[in-house]
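Presented below is the structure to which this report refers.
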Amino acid sequence: MAKRQDTKKFFENLSGAGKSIGVLTSGGDAQGMNAAVRAVVRMGIYVGAKVYFVHEGYQGMVDGGDNIEEASWESVSSMLQVGGTVIGSARCKEFRSHEGRLKAAHHLVQRDITNLCVIGGDGSLTGANLFREEWSGLLEELVQQGLIDEEAAQNNSELHIVGMVGSIDNDFCGTDMTIGTDSALHRIIEVVDAIMTTAQSHQRTFVLEVMGRHCGYLALVSALACGADWVLIPEMPPEDGWEEQMCQKLSESRSRGSRLNIIIVAEGAIDRQGKAITVNNVKDLVVSCLGFDTRVTILGHVQRGGTPSAFDRILASRMGVEAVLALLEASASTPACVVSLCGNQAVRLPLMECVQMVHLHCYVSLTFCRSFENNLNTYKLLSYRKADSELPNSSFNVAVLNVGAPAAGMNAAVRSAVRVGITEGHKMFAVNDGFEGFYKGQIKEIKWGDVGGWTGQGGSILGTKRTLPAKHLDKIAEQIRIHNINALLVIGGFEAFLGVMELSAAREKYNEFCVPMVMVPATVSNNIPGSDLSIGADTALNAITDTCDRIKQSASGTKRRVFIIETMGGYCGYLASVGGLAAGADAVYIYEEPFDIRDLQSNVEHLTEKMKTGIQRGLVLRNENSNENFTTDFIYQLYSEEGKGVFDCRKNVLGHMQQGGAPSPFDRNFGTKIAAKAIQWISRKLKDSYKEGKVFANTEDTACLLGMRRRAMVFQPVVQLKDQTDFIHRIPKEQWWLKLRPLMKILAKYKTSYDVSDSGQLEHVTRVRPKKVD
């Protein structure tokens with residue numbers, strides 16, 4: 001442990017004094033760009049650098065003048081929740097010419113800007129790299145033309161470039177998600193959910209066109225998130241004869257009782273001959289072959305608009321801070337880099353390696369990208385129901401149940417589990433009301449069609465209770481015997497974790513529990529050991545962020561007002577901390593980071609100073625169990641008393657609205673993929689443990705939790721997770737998101753320490769995606 005402490009590196013050692021940073025957005029706009037600009041400006045000013053807005057992208061750099069404007073801390077206030085890009089974006093032909101780049105260099109040198117943060121797509125980043133390569137030659141020309149002197153050329157001799165990818169298409173190599181993709185998925189799913197209600201009423205088929213000229217990510221992931229009947233993407237031209245297969249599938253869906261069909265088409269979809277497949281082609285095909293009432297909806301620029309999602313705000317804020325760190329550490333020998341996301345880790349990649357991969361059409365052949373391939377394979381598993389004669393006959397019975405509090409995305413996970421289980425040849429059983437329903441015998445077989453339309457439903461359709469199995473082991477064992485249950489999938493929160501531990505511990509006494517069992521984490525609190533993320537947490541974060549946006553708007557209208565907001569999470573501060581980062585909170589109180597009356601006083605003084613600036617509002621989040629004495633009421637009364645004459649206070653307890661609502665696209669997809677993987681694991685374990693006509697599994701590795709660790713999905717025996725768990729407070733002993741808290745404080749203008757030990761490692765594109773972990 002001591003050795004690890006010695007290797008820690010803190011950003012306080014990095015100074016921006018005497019440096020000037022230019023930030024621009026270029027190419028197509030994407031939600032979250034403003035959050036990235038805000039983070040660059042505030043982090044830059046925080047470390048002592050000057051930061052300049054370059055308005056209208058490269059056009060502003062070429063035109064100079066008022067287009068290059070010094071930014072202040074207050075100038076990026078209220079930016080976080082705004083879609084698009086406040087500093088403007090434009091496509092600039094002039095910058096593509098040598099003369100245009102010469103003008104741009106002149107305008108930058110006039111302000112001593114030698115550090116550029118470019119937020120855009122591959123074209124924008126390629127342009128930035130070319131500009132850097134030509135920089136010394138451009139300075140020589142400016143000296144020869146008498147536009148700058150030798151001293152200015154010497155002082156500005158190196159240009160450093162850091163890129164962040166802003167693109168709703170998620171079409172850039174080297175990063176899991178680009179800024180704007182998650183928000184675009186939100187827009188698509190909002191539209192699809194709305195269309196499904198009208199389609200249901202009139203028994204209609206809807207054909208939707210989504211963006212993606214070369215990359216079908218949006219089409220594929222939205223099809224997975226809404227359970228679409230058919231999807232057409234440029235990466236995977238359909239086999240010859242697809243028209244007949246599609247119509248047959250739509251017809252079978254109707255014959256099983258479905259009242260609607262949804263087909264999603266990426267704008268760049270093509271067939272095997274390279275001929276475009278348009279939404280109107282598909283509509284005409286359905287009408288002529290099946291006679292279904294069919295309508296077309298083209299989403300267009302709706303997908304680029306609207307408020308950025310919580311995920312995009314957090315992603316962009318982290319990338320912006322990392323970009324400034326990269327610029328501070330850059331040297332003449334450092335290649336231009338792109339700040340990317342790999343799992344929960346911000347990484348830096350050589351810019352041109354990423355661009356070259358894109359130009360080699362690596363993303364068009366996305367079967368090379370495991371994330372895309374997983375999405376595609378999962379979609380195929382869930383969408384194409386094989387005939388009974390084609391299914392393997394496993395003769396195994398698998399039970400699925402929800403345990404604990406409801407979480408958005410649970411139903412998507414159950415649907416996925418049921419359909420993958422049937423595809424694997426198992427007979428699937430649904431248990432109502434968790435372990436309580438289990439011991440009462442509320443168990444029935446569930447079929448393919450029974451889970452249709454479940455993906456977008458909030459809450460838990462199966463029903464869920466917090467009851468633990470320990471007191472009812474006899475009755476649960478009896479029900480397992482009666483229904484001949486051979487494996488268990490438990491989807492839920494901390495009670496589900498405890499339940500699987502209790503069942504596995506009871507194996508010595510009950511042979512009935514000697515079956516493969518796996519737990520999938522689903523709780524808004526995100527407090528399960530062994531997994532960085534839980535189903536439902538993203539939806540809850542978006543609910544918190546949306547509410548905070550409205551509250552901030554009301555506060556800005558009345559001026560000099562501070563809101564104290566209480567979030568859920570038990571003793572886990574995930575929702576409060578990450579929600580605070582996404583909403584731009586001034587302070588966040590959590591159990592994991594103890595605080596006292598001096599901290600509260602310091603926060604009040606900080607807000608008092610803030611009210612003297614142009615930003616006359618405050619937002620403070622408190623996790624519900626952060627401190628038994630400093631309650632939400634106490635903090636509200638303290639702030640009200642201490643802020644008298646400077647600001648007034650209001651309080652808000654968000655409560656169960658954080659558990660409700662339709663699941664976010666992330667939670668739908670996460671639930672779908674993690675449950676599919678859990679069932680495939682169950683199938684393997686059943687095969688391994690089937691001996692002499694029965695299933696017998698009593699080893700540690702047959703009672704597991706399936707969690708997301710960094711980038712990999714990992715099966716971990718629940719027994720081994722005991723040491724990683726604080727059972728009294730129902731939280732993991734180590735939590736990755738605590739590293740984000742200093743970042744939130746920096747962006748709220750607090751002096752703090754920020755561990756950047758993980759930063760600064762320039763990786764390579766081939767190393768970005770870790771190997772599969774089972």
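The values are calculated or read from the model by the stated rules, or taken from the named source; none is laboratory data. This one's a predicted model, so the numbers in the text were calculated from it and none came from an experiment. A quick note on method: Cβ atoms are made from the backbone with ideal geometry, for glycine too, and the neighbour counts reach across all protein chains shown. Just the protein is used for accessible areas: all its heavy atoms, side chains included, with ligands, DNA and RNA removed. Shrake-Rupley method; radii C 1.70, N 1.55, O 1.52, S 1.80 Å.
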Revision key, fill the gap. (1) in contact with a Leu (Cβ under 8 Å, 6 or more places away or on another chain); (2) open to solvent by less than 20 Å² (accessible area, probe 1.4 Å) all hold for Met196 apart from (2)
Study note, to complete from the structure: For region 592-632 the number of residues that are within 15 Å of Ala555 (Cα to Cα), of a type in the set (Lys, Arg) and outside any strand (DSSP E or B) is 1
Practice item. Answer with yes or no whether Ser124 is modelled with pLDDT under 95 and closer than 22 Å to Asp63 by Cβ. Key: yes
Review point. When you look at Ile113, is it closer than 30 Å to Pro308 by Cβ, part of a loop (DSSP other than H, G, I, E, B) and among the β-branched types (Val, Ile, Thr), yes or no?
Key: yes
**Study point:** Failed item, numbered, when Ser556 is tested on (1) more than 24 Å from Leu721 (Cβ to Cβ); (2) without any contact (Cβ under 8 Å) to a residue 40 or more places away in the chain; (3) of a type in the set (Gly, Ala, Ser)
**Key:** (2)
Exercise for review: Take Gly227 and decide whether it is of a type in the set (Gly, Ala, Ser) and buried (at least 21 other Cβ atoms within 10 Å of the Cβ).
Suggested key: yes
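This table checks each residue for (1) of a type outside the set (D, E, K, R); (2) under 31 Å from the mean Cα position of the chain (by Cα); (3) within 30 Å of Val414 (Cβ to Cβ); (4) modelled with pLDDT under 95.
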{"position": "Pro238", "(1), (2), (3), (4)": "yes, yes, yes, yes"}
{"position": "Ser251", "(1), (2), (3), (4)": "yes, no, yes, yes"}
{"position": "Ser255", "(1), (2), (3), (4)": "yes, no, yes, yes"}
{"position": "Arg259", "(1), (2), (3), (4)": "no, no, yes, yes"}
{"position": "Val265", "(1), (2), (3), (4)": "yes, yes, yes, no"}
{"position": "Ile270", "(1), (2), (3), (4)": "yes, yes, no, yes"}
{"position": "Gly274", "(1), (2), (3), (4)": "yes, no, no, yes"}
{"position": "Val287", "(1), (2), (3), (4)": "yes, no, no, no"}
**Study point:** Filtered residues of region 731-756 (kept if touching a residue at least 60 places away in the same chain (Cβ under 8 Å), open to solvent by less than 80 Å² (accessible area, probe 1.4 Å) and in a loop (DSSP other than H, G, I, E, B))
**Key:** Gln735, Ala748, Tyr750, Ser753, Tyr754, Val756
Review point. For region 664-697, what are the residues that are among the basic types (Lys, Arg) and in contact (Cβ under 8 Å) with a residue 40 or more places away in the chain?
Key: Arg668, Lys673, Lys685
Check your understanding: Counting residues that are under 22 Å from the mean Cα position of the chain (by Cα) and modelled with pLDDT of 95 or more, which helices (runs of 4 or more DSSP H) fully inside region 338-432 reach at least 2?
Key -> 410-423
Exercise for review: Take the residues in region 524-542 that are surrounded by fewer than 24 Cβ atoms within 10 Å (Cβ to Cβ) and out of contact with any Gly (no Cβ under 6 Å at 6 or more places or on another chain), then tell me which one is nearest to His656 (Cα to Cα).
Suggested key: Leu533
**Study point:** Single condition Ile161 does not satisfy, out of (1) β-branched (Val, Ile, Thr); (2) buried (at least 24 other Cβ atoms within 10 Å of the Cβ); (3) outside the structural domain of His107 (by the TED database)
**Key:** (3)
Check your understanding: Mind checking whether some residue in region 565-585 is more than 26 Å from Ser309 (Cα to Cα) and among the β-branched types (Val, Ile, Thr)?
Key -> no
Check your understanding: Which numbered condition trips up Thr752, out of (1) within 22 Å of the chain's Cα centre (by Cα); (2) at pLDDT 70 or above?
Key -> (1)
Review point. Of the residues in region 450-474, how many are acidic (Asp, Glu) and more than 21 Å from Glu512 (Cβ to Cβ)?
Key: 1
Exercise for review: Taking Ser251 as meeting all but one of (1) touching a helix residue (DSSP H, G or I) at 6+ places or on another chain (Cβ under 7 Å); (2) open to solvent by less than 40 Å² (accessible area, probe 1.4 Å), write down the number of the exception.
Suggested key: (2)
Practice item. Kindly indicate the residue of region 492-505 that is of a type in the set (Gly, Ala, Ser) and open to solvent by 10 Å² or more (accessible area, probe 1.4 Å) and also nearest to the chain's Cα centre (by Cα) among those meeting that condition. Key: Ser504
Study note, to complete from the structure: Of the residues in region 633-663, those that are within 22 Å of Met611 (Cβ to Cβ), touching a residue at least 24 places away in the same chain (Cβ under 8 Å) and assigned to a loop (DSSP other than H, G, I, E, B) number 3
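I'd like the residue in region 625-649 that is among the β-branched types (Val, Ile, Thr) and within 16 Å of Val588 (Cα to Cα) and, out of all such residues, is surrounded by the fewest Cβ atoms within 10 Å (Cβ to Cβ). I'd like the intermediate steps shown before the answer.
In the first step, residues of region 625-649 are kept if they are among the β-branched types (Val, Ile, Thr); the result is 631-632, 635, 646.
From the residues that got through so far, the ones that are within 16 Å of Val588 (Cα to Cα) too are 631-632, 635.
Numbers: Thr631: 14, Thr632: 19, Ile635: 23.
Here the answer is Thr631.
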Review point. When residues of region 102-113 are filtered for being open to solvent by 20 Å² or more (accessible area, probe 1.4 Å) and closer than 27 Å to Ala30 by Cα, how many remain?
Key: 1
Practice item. Quickly run through region 138-154 and pick out the residues that are in a helix (DSSP H, G or I) and surrounded by fewer than 13 Cβ atoms within 10 Å (Cβ to Cβ). Key: Glu140, Gln144, Glu150, Glu151, Gln154
Practice item. Please go through region 502-557 and pick out each residue that is under 30 Å from Lys651 (Cβ atoms) and among the small types (Gly, Ala, Ser). Key: Ala522, Ser525, Ser534, Gly536, Ala537, Ala540, Ala543, Ser554, Ala555, Ser556, Gly557
Check your understanding: Considering Ser183, Ser167, which residue is modelled with pLDDT under 95 and hydroxyl-bearing (Ser, Thr, Tyr)?
Key -> Ser167
Point to revise | Residue selected from region 295-337 under the condition of a type in the set (S, T, N, Q) and buried (at least 22 other Cβ atoms within 10 Å of the Cβ), by the criterion modelled with the lowest pLDDT | key: Gln303
Check your understanding: Can you spot a residue in region 681-702 that is aliphatic (A, V, I, L, M), closer than 30 Å to Phe172 by Cβ and modelled with pLDDT of 95 or more?
Key -> no
